[in-house]
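The values are calculated or read from the model by the stated rules, or taken from the named source; none is laboratory data. Note that this is a predicted model, so its numbers are computed, not measured. Using ideal geometry, Cβ is built from the backbone for each residue, glycine included, and neighbour counts are taken over all protein chains shown.
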Amino acid sequence: MQTASDLQTLLARIDRRSYPVYKDTRGCYRFPGYILSIDHVQGDPFAAPSKVSIHVKGSEAGFPKALYETRGQRIALQDALTRRFGRVAGQASFQAKGSGHSGLISVSRCGPEILERTACQLDPQSGDLLLRLEVGFPANGRTINARELEKILFDLLPRCVESALFYRNLDGRQLQAIADLAEDQDYIRSVLPDMGLCAFVANGSILPRASGISSLPMKNAVSFRSPGELAVTLDLPHQGKVTGMGIPKGVTLIVGGGYHGKSTLLKALELGVYNHIAGDGREYVITDASAVKIRAEDGRSIRRTDISMFINDLPNGTDTVHFSSEDASGSTSQAANVVESMEAGTSLLLMDEDTSATNFMVRDELMQRVVHRDMEPITPFLERARELYDTWGISTILVAGSSGAFFHIADHIIQMDRYIPQDITALAKKEASAFPIHTQSPEPAKAPEFHRCPKPSPELRSGERVKLKTLGRDGLSLNRETIDLRNVEQLTDSEQVSALGSCLLYAQRHLMDGTRDLRQIADALDTLIQERTLSALCENSSPVSFLARPRKQEILACLNRYRGLRL
């Protein structure tokens with residue numbers, strides 16, 4: 001272990017030399033209260049910034065065990081420290097000058113969702129703290145400017161560490177409130193099943209966002225208020241009694257006029273699988289952790305998926321038990337999305353009529369009279385939604401604005417009126433009785449086949465260099481294959497997409513041996529992350545990349561959209 005003085009001596013020696021000589025700084029250096037590790041040095045000032053990590057012993061960091069006793073509390077604390085460090089680093093960034101990325105100091109940018117990240121990791125046993133960041137090593141042109149790097153490493157960065165990573169310098173009451181909120185949120189999610197609920201929205205929640213491209217709460221927005229018929233009161237460990245709308249298991253319909261808040265409520269529910277920070281407005285919007293948003297996805301790849309419960313007897317004789325397509329239609333893609341969600345173990349489907357394939361969702365009576373059932377290979381979701389719940393225990397929350405056919409099968413019907421929900425179940429059922437559905441019930445669906453066992457791609461197991469690139473939130477590329485994830489709507493962060501790329505590469509090298517099916521592979525990856533953290537996915541990469549944890553549902557969604565999958 002080298003000392004901070006050794007690093008100063010080294011910087012003085014390499015000043016004004018060619019930029020690649022910066023690589024001599026790689027290593028670990030002991031600073032007062034922490035260890036600085038320079039893990040990767042960029043090739044030139046215009047390349048991706050250098051990777052640096054800060055290691056603080058638990059005895060030095062001093063965070064009380066009560067702040068991270070549970071996994072949810074630990075993730076919330078890590079998230080809070082990442083945000084705190086990001087704020088102070090933002091003030092220090094680019095105070096050191098130079099060309100290219102010179103002077104940059106940055107960490108992961110966190111949205112309102114609280115995600116487990118590699119950016120900050122706290123050991124639950126020792127309390128040891130690890131924070132990863134990026135630093136732009138300064139240069140004049142492509143010549144080392146060691147004096148500016150010394151300013152970063154010996155002045156700016158120590159101030160950031162002191163301000164953000166030591167409990168003695170933080171607001172203990174605020175950190176305790178963060179831990180308490182995380183425990184309350186996890187408590188709500190844990191009691192939903194026993195209460196017969198699949199989601200909860202607290203009174204006073206702010207669901208609308210500032211704009212379509214902003215995750216901030218809308219100013220002066222209408223606060224949420226539960227209809228009396230669906231109101232439930234929960235006694236939380238810290239917040240005490242909280243009242244809100246409980247959405248029961250079964251089939252729930254959300255209706256209302258345009259721009260009255262139907263899709264806003266659904267969007268809040270689909271992101272309710274994650275905990276949210278205080279002040280977001282959706283802190284107590286909590287959804288079944290396995291919930292999956294379903295939509296049509298024209299053009300997606302489908303590989304040997306059993307969609308026969310929805311589509312059968314195609315005119316060209318295509319096998320729908322082992323259905324494959326490189327360019328799926330709206331109906332076949334939505335059918336595959338439902339079945340793959342079942343494969344991922346979901347117990348709640350979330351749908352919006354606006355993003356669904358009409359012919360997959362419903363066929364009205366006139367169409368059935370003109371085009372007889374024997375001529376139509378699609379069994380619409382309308383005729384399977386009730387069966388999905390009664391047979392497989394999978395609930396549905398559906399936003400509908402044009403078809404009243406779902407009134408007949410819904411257990412609960414919620415009307416959004418100027419962002420305020422009303423329970424209109426009785427009224428809607430009464431009105432629906434005047435419009436009976438004249439349709440023949442389909443044969444009960446057989447349980448889908450999920451036994452799809454992929455084999456590895458030889459080029460990904462041969463040890464050759466693999467080009468893995470994250471395309472923001474939209475997807476990723478693996479060598480020459482692009483995986484489109486734009487319509488996997490519960491991914492909220494590009495670092496989750498990066499993690500999915502690492503999951504896919506790890507699975508190719510260790511799990512895809514032709515004996516494990518996709519569900520087992522996703523389970524194995526989820527267990528690996530749970531037991532050994534996200535860092536376990538980066539076995540052959542140094543340093544560890546910035547990753548955020550995806551759910552098992554998104555892991556399986558990524559595997560299913562990989563066109564290079566060998567089945």
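Observations on the model:
- Only one entry of 228, 212, 258 meets the criterion of being within 25 Å of residue 382 (Cβ to Cβ), of a type outside the set (Asp, Glu) and surrounded by fewer than 16 Cβ atoms within 10 Å (Cβ to Cβ), and that entry is 258.
- Residues that are within 20 Å of the chain's Cα centre (by Cα) and within 14 Å of residue 280 (Cα to Cα), drawn from segment 181-202: 181, 182, 185, 201
- Taking (1) among the polar types (S, T, N, Q); (2) crowded, with 16+ Cβ neighbours inside 10 Å; (3) within 30 Å of residue 271 (Cα to Cα) in turn, residue 477 satisfies each apart from (2).
- Residue tally, condition touching a strand residue (DSSP E or B) at 6+ places or on another chain (Cβ under 9 Å) and touching a residue at least 40 places away in the same chain (Cβ under 8 Å), over segment 389-427: 24
- Residue among 233, 264, 287 that is in contact with a helix residue (DSSP H, G or I) (Cβ under 6 Å, 6 or more places away or on another chain), among the polar types (S, T, N, Q) and either free of Cβ contacts under 8 Å to residues at least 40 places away in the same chain or buried (at least 17 other Cβ atoms within 10 Å of the Cβ) (or both): 287
- Single residue of 210, 182, 268 found to be outside any strand (DSSP E or B) and farther than 26 Å from residue 402 by Cβ: 182
- Residue check, residue 502 among the polar types (S, T, N, Q), crowded, with 19+ Cβ neighbours inside 10 Å and in contact (Cβ under 8 Å) with a residue 40 or more places away in the chain: yes
- Filter pass, residue 205 being surrounded by fewer than 18 Cβ atoms within 10 Å (Cβ to Cβ) and under 29 Å from the mean Cα position of the chain (by Cα): no
- In segment 428-446, of all residues being free of Cβ contacts under 8 Å to residues at least 40 places away in the same chain and assigned to a loop (DSSP other than H, G, I, E, B), the one that is nearest to the chain's Cα centre (by Cα) corresponds to 443.
- Among the residues of segment 269-319, those identified as closer than 25 Å to residue 359 by Cα and among the basic types (Lys, Arg) are 293, 295, 300, 303, 304.
- Members of segment 4-22 that are among the charged types (D, E, K, R) and surrounded by 15 or more Cβ atoms within 10 Å (Cβ to Cβ): 15
- Of all residues in segment 150-160, at least one satisfies being surrounded by fewer than 22 Cβ atoms within 10 Å (Cβ to Cβ), modelled with pLDDT of 95 or more and of a type in the set (Phe, Trp, Tyr).
- Residue match in segment 148-166 (condition: under 24 Å from residue 108 (Cβ atoms) and in a loop (DSSP other than H, G, I, E, B)): yes
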